[in-house]
Amino acid sequence: MGTHLVARVAEVVALDRLRADACAGRGAVVLLTGEAGIGKTAVVEEAVARASAAGATVLTGRADPDEGAPAFWPWLRLLDCGLPGLTPDLLTAADTGESPATARFRAMQATVRALRAAASEVDGGLVLVLEDLHWADPGSLTLLATLSRDVSDAPLLVVATARTLDTDLPGAELLALPPWDAATVATFLAQQAGGPVYASWPPVVHRLGGGNPLHTRELARLLTGSGALHRPAAAVDLPDGLLRLVGRRTAALGPACRELLGLAAAMGTDIDVLLLTRIADTAVEPLLAEAIEAGVLVEDPWAPARLRFAHELVRDARYAELSRAERVGAHRRIAEALAGSGASAGDTARHRVRTVVDDESRALARTACSAAAQDALRRLDHRAAANWFGQALDLYPGDHWLRLARAEAACRDGRLTVAVADCTTVLDHAEATGRPDLAAAAALVVRGFGGQVAAVVLRLCERALALSEHTGADVARAELLAHQAFLLVETGQQRRAEPISRQAMALAEATGDPQAMAAAVHARHEVLDLAADADEILDLARRSCDLAAEGSRVEAELWGRLWRLDASLTIGDLPGYDAETTALADLAERIGWPVARWHLLRARAARLLLSGRTEAASETAAEAFALAGTFEDQPVGELYAAFRACLAVFTGYVPDWPGGLGAALARFGSEPIAVAQIGRLAMLGGDRVIGADCVYRLRGMLPDLPPDSRRGFVVITAGEIGVWLDDLDLAADAYARTLPFAHRYLNTMTACHGAFARPLGSIAAALGDRAAAERHHTSAIEMEDRIGAAPFAAQARLAYAQTLRDLDPRRTRTLAAEALTIARRLGLRAVAEAAAELTRDDLTAREREIVTLAADGLPNREIAGRLHISERTVETHVRNALAKFGLANRTQLAARMRAGSQYQH
């Protein structure tokens, strides 16, 4: 182990072990953490030297603290290595019409595959070093997390360093470097002094340096230079703090070397030697050699054209010593050299903004920032684009189109607070100056978002509509109206939204503009009740897909297919649903969007449930939830909970609500869909207190429920809970409101509850309308049988049997036996147990004994011999059992007994 490394033996040994495991095909990710100067780089350099000596191939990249660094900067440096298959172009997201998230997802997956392939091709394994990731952009950290999930079976070791890192790295090993203790400091001081030091010094240095190796080294350098360590400890003069202390390392260098280091400090953490050579006024190699010899600069053994400061604090110290004129001059020289060298627009802009001293330099900086922003947009790096537009906006705060450009980029990046604030500022200006075009542009930036931001954006939209009322700008007004309708739905004002959505549709159709039409179609869909308006929704779905084919955004096709899937379930068209699922799978494959894949998994989970494969449905729904775990502004958790709840009636497992149903009701008690879902879970779990609270709330909500895709579920659930808690007034109200949908199914990709007719039959029975109950239950069984929804066919039979229990025992047992047979075949434990309870008979012990043997296929003579009774007695008991069960022969009796045996005790 190198003599420069102190007290890090355990960490280096750990890295040796991980590297050996990786060489054997058991890859890993290890993260070294610790404060600045703690020795992370020293540990990595030692480990890398040992890995190189063992034959491993080492690639390195380092994050940059400057805001001009492009997305994936450490990875871009690492991939620029010359190994076959590895190139920075892997992470260049081309503008193919995909969403930014999808394009980045594809690029990262391609990069992971390329790194795995490269690791398998090199001898001795591949070691990737990524330093200073506390400065890394989100994309770089996401790529590291993605790789960490897919490295365990590859000859690949990833060594990352950071001061702290909040990103979750699945399976990564963490090596936290602690400060040196007092004993280690004493050992180090003795090494530096070339012999024993006064015993009073180690605790003083440990206190001053805090055990930080960098600080300790600088203190040791200062004290050994003055000979103080050989005298009793005294006060250490640190008048300007650590930066001045660190800056003393450059004090002994020649003036020319110090001037060159000032220029290098303006470059950033990494020093491009070729660029430095072009802009320097003197030969740089001798001066660089002087700085390296003094320990101010260090060579990068994997990239000889790059140097770096020994520590960022060293660079900061030298940069802080530059005068204003020196700093501006250094950045101007760097910017001018970069502008003609094909460097990235971000690199040029980073230096241009530091040169602004007059109108000319301000204009140059704005141009550079705008170019950097546009370059970031081409790479789908919207965070960087927003930052660069912001830099330009700082220079020209009155440029409202520039402000909208930042708002658009920030919105795409999910930073809605920035986007809304910018849009509000622009709309204020548009109103003050009478600019309807500017107002419309501001109101249409933040689209497709609900939650708290919806109310704010709705106000912007209404202000823009007021300003554009008499302008005749029909395309913009159509989009504004469609946007307003969508936002009204998101803020619970569906009744206002419905006529506005119609107005938006009429105006969009008059313009013929595909974008306006797509927006209007989407807005119209939001105000429709899926059960009541399935035919119109199917037409909207067709139109949305057609608009996508005519040149509108691909989102129009995605939404159209999702609407068609839900409508197909509602009308019971499972062949159409299957065909549309196939089309959605093709679309998801074509565009590669994670959100499309999420919807596809949800569609498949619903179909699996309808076919009775509850375990596979549960697994697929869980896979969808896992995929959507990082989605922003999507109610993925609520949708997953709804699907698990609809599984509960078959599996018997009632999912928990985080924090309990009481806390959920206190938080979401004003939202009808949430109250209905909480009430259903309370009913499934037998919590009558929570159920009663839900009934109280739902009773007041039903009269004012808006027409939307959730209304049917809320109303029928209210009726079912009302029956459960003997609130027949609520049940009757819900029955009347749901009756028009008796021919529909309460099935969507979110959750499947079967035909409306089943709960309608149970409610009618509770209300005493036997004729209606029989009509609904018979219809529900026929509907489920017709579409082949076996689990719901069993549920429908069970529900009918439960309503007949005290009225027609024979019919009850027949229906329950049919439900039990289906439930046993599909493994629907909850349905099977309930059906088995209804099939319990009133046979005597002797009758049960005889019937059981008969069901096993024994003839009368053998049964009589076993039980010491006559054959006539056996035959009499068997006939009585057939009559009680309503069965025709022994074959049916045998099937009946087998069906009930597993669940009877």
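Check the range 481-493 and report whether any residue there is of a type in the set (D, E, K, R) and more than 20 Å from Trp559 (Cα to Cα). Checked against the condition, which is being of a type in the set (D, E, K, R) and more than 20 Å from Trp559 (Cα to Cα), the range 481-493 yields no hits at all. Sub-7 Å Cβ pairs linking a first residue in the range 406-433 that is closer than 15 Å to Phe449 by Cβ and of a type in the set (Val, Ile, Thr) to a second residue that is part of a helix (DSSP H, G or I) and open to solvent by 50 Å² or more (accessible area, probe 1.4 Å), at least 6 apart or interchain, are Val420/Val456, ordered by first then second residue. Of all residues in the range 530-560, those satisfying the criterion of being in a loop (DSSP other than H, G, I, E, B), modelled with pLDDT of 90 or more and surrounded by fewer than 23 Cβ atoms within 10 Å (Cβ to Cβ) are Ala532, Asp533.
Screening Asp578 against (1) modelled with pLDDT under 95; (2) surrounded by fewer than 20 Cβ atoms within 10 Å (Cβ to Cβ) leaves a single unmet condition, (1). So for the range 742-752 (the condition being part of a helix (DSSP H, G or I), touching a residue at least 24 places away in the same chain (Cβ under 8 Å), more than 36 Å from the chain's Cα centre (by Cα) and over 16 Å from Cys646 (Cβ atoms)), does at least one residue qualify? No, that holds for no residue.
Among the residues of the range 543-577, the ones that are touching a helix residue (DSSP H, G or I) at 6+ places or on another chain (Cβ under 7 Å) and either charged (D, E, K, R) or within 18 Å of Leu601 (Cα to Cα) (or both) come to 18 in all. Within the span defined as the range 215-230, every residue fails to be closer than 30 Å to Ala71 by Cβ, under 48 Å from the mean Cα position of the chain (by Cα) and open to solvent by less than 30 Å² (accessible area, probe 1.4 Å). Ala519: farther than 30 Å from Ala755 by Cα and in a helix (DSSP H, G or I), yes or no? Judged against the criteria, Ala519 is a match. All of (1) open to solvent by 20 Å² or more (accessible area, probe 1.4 Å); (2) not in a helix (DSSP H, G or I) hold for Ala71 with one exception: (1). How many residues are outside any helix (DSSP H, G or I) and either at pLDDT 85 or above or aliphatic (A, V, I, L, M) (or both) if we restrict to the range 835-867? The total comes to 3.
Quick one: would you say Asp727 is among the acidic types (Asp, Glu), open to solvent by 20 Å² or more (accessible area, probe 1.4 Å) and out of contact with any helix residue (DSSP H, G or I) (no Cβ under 6 Å at 6 or more places or on another chain)? The answer is no for Asp727.
For the range 33-64, the set of residues classified as assigned to a strand (DSSP E or B) and more than 17 Å from Glu299 (Cβ to Cβ) consists of Thr33, Thr57, listed by residue number.
Output the residue which, of all residues in the range 561-583 that are touching a strand residue (DSSP E or B) at 6+ places or on another chain (Cβ under 8 Å) and not in a loop (DSSP other than H, G, I, E, B), is nearest to Thr102 (Cα to Cα). Restricting to residues being touching a strand residue (DSSP E or B) at 6+ places or on another chain (Cβ under 8 Å) and not in a loop (DSSP other than H, G, I, E, B), the top hit is Leu569. Scanning the range 760-779 turns up at least one residue that is in a loop (DSSP other than H, G, I, E, B), more than 27 Å from Leu882 (Cα to Cα) and without any contact (Cβ under 8 Å) to a residue 24 or more places away in the chain.
Taken over the range 122-134, residues that are among the small types (Gly, Ala, Ser) and either at pLDDT 95 or above or crowded, with 24+ Cβ neighbours inside 10 Å (or both) amount to 1. For the range 138-152, the condition of being closer than 22 Å to Arg50 by Cβ, crowded, with 21+ Cβ neighbours inside 10 Å and modelled with pLDDT of 90 or more holds for at least one residue. The set of residues in the range 494-508 being open to solvent by 40 Å² or more (accessible area, probe 1.4 Å), modelled with pLDDT of 85 or more and not hydrophobic (A, V, I, L, M, F, W, C) consists of Arg496, Glu498, Pro499, Arg502, Gln503. If you go through the range 604-630 and keep only what is open to solvent by 50 Å² or more (accessible area, probe 1.4 Å) and either at pLDDT below 90 or at positive phi (or both), you end up with Glu623, Phe625, Ala626, Leu627, Gly629, Thr630. Selection of the range 8-60 for residues being within 14 Å of Val159 (Cα to Cα), basic (Lys, Arg) and crowded, with 20+ Cβ neighbours inside 10 Å yields Arg19, Lys40. Pairs linking a residue in the range 657-682 that is closer than 22 Å to Gly712 by Cβ to a residue that is at pLDDT 90 or above and among the polar types (S, T, N, Q), with Cβ atoms under 7 Å and 6 or more positions apart or on different chains, are Ala676/Thr717; Gly679/Thr717; Arg680/Thr717. Flag: Ser709 does not match the condition of being assigned to a helix (DSSP H, G or I) and either within 28 Å of Leu562 (Cβ to Cβ) or touching a residue at least 12 places away in the same chain (Cβ under 8 Å) (or both).
On the given criteria, is Pro65 at pLDDT below 95 and either crowded, with 20+ Cβ neighbours inside 10 Å or over 24 Å from Gly34 (Cβ atoms) (or both)? It is false that Pro65 is at pLDDT below 95 and either crowded, with 20+ Cβ neighbours inside 10 Å or over 24 Å from Gly34 (Cβ atoms) (or both). Looking across the range 409-443, the residues that are aliphatic (A, V, I, L, M) and either over 13 Å from Ser468 (Cα atoms) or within 21 Å of the chain's Cα centre (by Cα) (or both) come down to Ala409, Ala410, Leu416, Val418, Ala419, Val420, Ala421, Val426, Ala432. For the range 114-121, the criterion of being open to solvent by 30 Å² or more (accessible area, probe 1.4 Å) and either in contact with a strand residue (DSSP E or B) (Cβ under 9 Å, 6 or more places away or on another chain) or within 25 Å of Thr269 (Cα to Cα) (or both) is met by at least one residue. Kindly check whether there is at least one residue in the range 81-95 that is part of a helix (DSSP H, G or I), under 30 Å from Ala368 (Cβ atoms) and in contact (Cβ under 8 Å) with a residue 60 or more places away in the chain. The answer is no; no qualifying residue exists. Only a single item in (1) open to solvent by 70 Å² or more (accessible area, probe 1.4 Å); (2) touching a residue at least 60 places away in the same chain (Cβ under 8 Å); (3) under 24 Å from Ile763 (Cα atoms) is not met by Thr821, and it is number (3). Entry remark, the range 648-672: residues being buried (at least 19 other Cβ atoms within 10 Å of the Cβ), out of contact with any strand residue (DSSP E or B) (no Cβ under 9 Å at 6 or more places or on another chain) and assigned to a helix (DSSP H, G or I) number 5 in total.
For residues in the range 97-113 being aliphatic (A, V, I, L, M) and without any contact (Cβ under 8 Å) to a residue 40 or more places away in the chain, which is surrounded by the fewest Cβ atoms within 10 Å (Cβ to Cβ)? Within the range 97-113, the match that is surrounded by the fewest Cβ atoms within 10 Å (Cβ to Cβ) is Ala110.
Of the strands (runs of 3 or more DSSP E) lying entirely inside the range 123-211, those containing at least 2 residues that are closer than 27 Å to Ala385 by Cβ span 126-131, 156-162.
The values are calculated or read from the model by the stated rules, or taken from the named source; none is laboratory data. Source: prediction; values computed, not measured. Glycine also receives a Cβ, built like all others from the backbone with ideal geometry; neighbour counts cover every protein chain displayed. Just the protein is used for accessible areas: all its heavy atoms, side chains included, with ligands, DNA and RNA removed. Shrake-Rupley method; radii C 1.70, N 1.55, O 1.52, S 1.80 Å.
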